[in-house]
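Every number here is computed from the coordinates shown, using simple stated rules; none is lab data. In this text the structure is predicted, and so the values were computed from the model without any measurement. Cβ placement follows ideal geometry from the backbone for every residue including glycine, while neighbour counts extend to all protein chains displayed.
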Amino acid sequence: MKFFSILSLLTLVGTCATPEYTTRIENLKDSITLVDSALVEKYSKTITAEELSEHLYKFASDEFEGRKVGEPGQKKAANFLKSYYVNLDIDSPLGNKNYFQGISSTYLPEDVSASENVLSYIKGSEKPEEVVIISAHLDHLGIEDGNVYYGADDDGSGIVAIMEIAEAFKAAILDGHTPKRSILFMHFTAEEIGKRGSEFYVKQPVFPLENTIVNLNIDMIGRVDDRHAQNKNYIYLIGTDRLSKELHYTSEKVRDAYSDIELDYKYNALEDVNQYYSRSDHYNFAKYDIPVIFYFNGEHDDYHKHTDTPDKIDYELLEKRTKLIFATAWQLTNQEKRVDIDENNIFLN
Ligand SMILES: [Zn+2]
């Protein structure tokens with residue numbers, strides 16, 4: 001019965017090792033305390049399906065001509081976002097009402113004109129040097145064969161989510177609740193041609209990357225994929241636990257407290273063939289050891305087609321997903337201690 005005795009030994013080793021790790025994880029989970037629940041609930045209410053719809057019907061309209069990098073439609077989209085922040089009275093970190101981080105054509109592929117990332121900023125009240133970046137890409141595919149590629153889901157949905165999140169934080173500030181850490185709202189250009197806007201940002205960051213504590217990146221959150229046709233109450237989260245278990249469990253605790261939405265980690269699997277972890281702007285932050293969460297609804301029949309239009313967005317669902325991201329951002333900007341990457345986490349080392 002040799003085989004059996006080796007198996008028993010393995011089982012014994014397994015049971016010795018397992019509790020230690022699970023205890024550490026439990027201690028880590030217990031160390032996460034949610035803050036300001038009443039305020040999160042209160043300002044979350046300013047995020048509405050109506051306003052998301054209003055913004056998206058504008059942003060994904062003919063006027064913006066599919067927002068192709070460097071083209072007039074993309075410039076209109078950039079100016080639209082700038083006007084939005086000027087009206088909300090949210091500053092740019094660059095000063096002088098300059099909301100554009102210019103990217104010259106020499107940095108971009110041949111035949112692509114100069115472009116710009118659009119950014120705005122809320123300065124933290126207690127730890128202004130620590131920055132949470134909330135991002136979505138403003139560009140899309142332009143016009144082909146006379147068809148405007150509206151990109152309502154990709155990534156109009158992420159853009160309007162950020163617009164509503166910024167408005168919610170501003171409402172809180174006007175009542176005296178400025179976030180403890182700073183928030184950078186980033187609208188990247190040139191994602192569709194290889195994540196060039198975010199690549200440019202991490203090479204020329206406005207705030208030092210070592211104090212950029214997390215990137216919440218939103219790319220397509222207004223639709224439902226086939227996998228969830230029967231139950232649309234979901235969002236895919238990708239990357240949450242890759243660099244920071246603390247971020248993963250914080251995100252889960254926020255969901256447990258404020259939302260009944262199902263968190264689907266299918267595409268977070270290391271071996272997943274789609275490799276979405278490396279396919280949107282957050283990946284340029286992850287490369288620098290900055291923990292990320294990528295919020296995503298999965299692909300659908302209109303993905304990268306001119307039929308990705310605003311009438312196909314589920315605005316109630318978009319509202320729900322946006323509220324979850326707002327609550328997560330609030331927690332990360334206001335909790336006592338910045339979220340740690342695993343190698344710096346006292347519970348895991
Ligand atoms: Zn996209």
- Give me the angle, in degrees from 0 to 90, between the Cα long axis of helix 49-59 and the longest principal axis of the Cα atoms of the chain, rounded to the nearest 10. 50
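Given +1 on the Cβ of Lys and Arg, -1 on the Cβ of Asp and Glu, and no further charges, what dipole in debye does the range 203-349 carry about its Cα centre, rounded to the nearest 20?
Values: 18 positive and 27 negative charges, 56 e Å.
For the range 203-349, the charge dipole is close to 260 debye.
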- Footprinting proxy, Thr307, Thr33, Thr250, Thr178: sorted fewest to most Cβ within 10 Å, the residues are Thr33, Thr307, Thr178, Thr250
- Between Phe207 and Glu26, what FRET efficiency follows from the Cβ-Cβ distance if R0 is 51 Å, with the result rounded to 0.05? 0.90
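Note down the Stokes-Einstein diffusion coefficient of the range 25-153 in µm²/s, whole number, using a Kirkwood radius over alpha carbon pairs, 20 °C, and 1.002 mPa s.
Diffusion coefficient, whole number: 123 µm²/s.
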- Message: Rounded to the nearest 20 debye, what is the charge dipole size of the chain about its Cα centre when +1 sits on each Lys and Arg Cβ and -1 on each Asp and Glu Cβ?
- Response: 900
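Too long at a 24 Å Cα-Cα cut-off: which of Lys68/Lys195; Lys245/Lys323; Lys42/Lys170; Lys75/Lys320? Please list the in-between numbers first.
Values: Lys68/Lys195 13 Å; Lys245/Lys323 22 Å; Lys42/Lys170 13 Å; Lys75/Lys320 30 Å.
Beyond 24 Å between Cα atoms: Lys75/Lys320.
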- The set of residues whose placed amide H lies less than 5 Å from the amide H of Tyr234, leaving out same-chain residues fewer than 5 positions away, is Glu262
- Task: Give the residue from His140, Ser280, Gly222 lying farthest towards the positive end of the charge dipole for the chain; charges sit on Cβ (+1 for Lys and Arg, -1 for Asp and Glu) and the dipole is referred to the Cα centre.
- Result: Ser280
- Note on the structure: Here the FRET efficiency for Ala114 versus Asn231, based on Cβ atoms and R0 = 51 Å and rounded to 0.05, is 0.70
- Mind ordering 328-338, 21-31 by average Cβ neighbours within 10 Å, highest first? 328-338, 21-31
- May I ask which residue of Tyr267, Leu317, Ala172 lies farthest towards the positive end of the charge dipole of the chain, with charges of +1 (Lys, Arg) and -1 (Asp, Glu) on Cβ and the Cα centre as origin? Ala172
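What is the ratio of the Cα radius of gyration of the chain to 2.2 N^0.38 Å, with N the residue count, to two decimals? Before the final figure, lay out the partial values.
Working: Rg = 20.9 Å, N = 349, 2.2 N^0.38 = 20.4 Å.
That works out to 1.03 for the chain.
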- Task: Could you let me know the centre-to-centre spacing of the range 304-332 and the range 180-207, using Cα atoms, in angstrom?
- Result: 20
- Once you sort the root eigenvalues of the Cα gyration tensor of the range 243-292 as a ≥ b ≥ c, which label holds: rounded (a/c under 1.5), prolate (a/b larger than b/c) or oblate (the other case)? oblate
- Burial order of peptide ranges 57-70, 227-240, 132-145 (average beta-carbon count within 10 Å, highest first): 132-145, 57-70, 227-240
- Item | Positive-end residue of Leu88, Ser125, Ile235, charge dipole of the chain with Cβ unit charges | Ser125
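Among bridges DSSP assigns within the range 32-334, what percent are antiparallel (round to 5)? Please report the intermediate quantities before stating the final value.
Working: 15 of 36 bridges.
Rounded to the nearest five, the antiparallel share is 40 percent.
At a threshold of 8 angstrom on Cα-Cα distance, excluding pairs fewer than six apart, so keeping six or more, what relative contact order does the range 32-334 reach in percent? Intermediate results must be reported in sequence, preceding the final value.
Values: 611 pairs, mean separation 74.5, N = 303.
So the answer I get is 25 percent.
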